[in-house]
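Only one structure is covered here, and it is reproduced in the block below.
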Amino acid sequence: MAEIIEGLVCGKCGVNAVKRQVTFDYMRRTFGHEVPVCPKCGKVFIAKELAEGKMAEVEVMLEDK
């Protein structure tokens with residue numbers, strides 16, 4: 001069972017997000033990361049820290065190739 005994230009509610013559905021492994025595709029590369037997801041509509045929440053941290057690192061690495 002997915003871990004419920006209290007306090008992080010989907011704006012569309014009004015239900016608490018859960019942690020799920022999500023696959024991201026960027027520049028023909030695929031990588032996975034565990035992020036909050038709405039269990040009802042599937043909308044993914046990308047925290048600022050993740051977007052500016054890990055995802056930015058992957059972006060730079062892939063663009064440099």
Here is a list of conditions, (1) modelled with pLDDT of 95 or more; (2) over 14 Å from the mean Cα position of the chain (by Cα), and ASP64 meets all of them except one; can you say which number that is? (1)
State which residue pairs qualify: first residue under 17 Å from ALA51 (Cα atoms) and in contact (Cβ under 8 Å) with a residue 12 or more places away in the chain and inside segment 4-31, second residue part of a loop (DSSP other than H, G, I, E, B) and not hydrophobic (A, V, I, L, M, F, W, C) in any location, beta carbons under 8 Å apart, and separation of 6 or more residues or different chains. LYS19/GLU3
Those residues that are out of contact with any Pro (no Cβ under 6 Å at 6 or more places or on another chain) and of a type in the set (A, V, I, L, M), I need them from segment 1-36; list them, please. MET1, ALA2, ILE4, VAL9, VAL15, VAL22, MET27, VAL35
Only residues that are closer than 19 Å to CYS10 by Cβ and among the β-branched types (Val, Ile, Thr): list them for segment 21-47, please. VAL22, VAL35, VAL37, VAL44, ILE46
Residues that are aliphatic (A, V, I, L, M) and open to solvent by 70 Å² or more (accessible area, probe 1.4 Å): find the strands (runs of 3 or more DSSP E) completely inside the chain holding 1 or more of those. 4-9
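The values are calculated or read from the model by the stated rules, or taken from the named source; none is laboratory data. Computed from a prediction, not measured in an experiment: that's the story for all the values here. Please note: Cβ atoms are built from the backbone with ideal geometry, for glycine as well, and neighbour counts cover all protein chains shown. These accessible areas exclude ligands, DNA and RNA; they are computed on the full protein's heavy atoms, side chains included. Shrake-Rupley method; radii C 1.70, N 1.55, O 1.52, S 1.80 Å.
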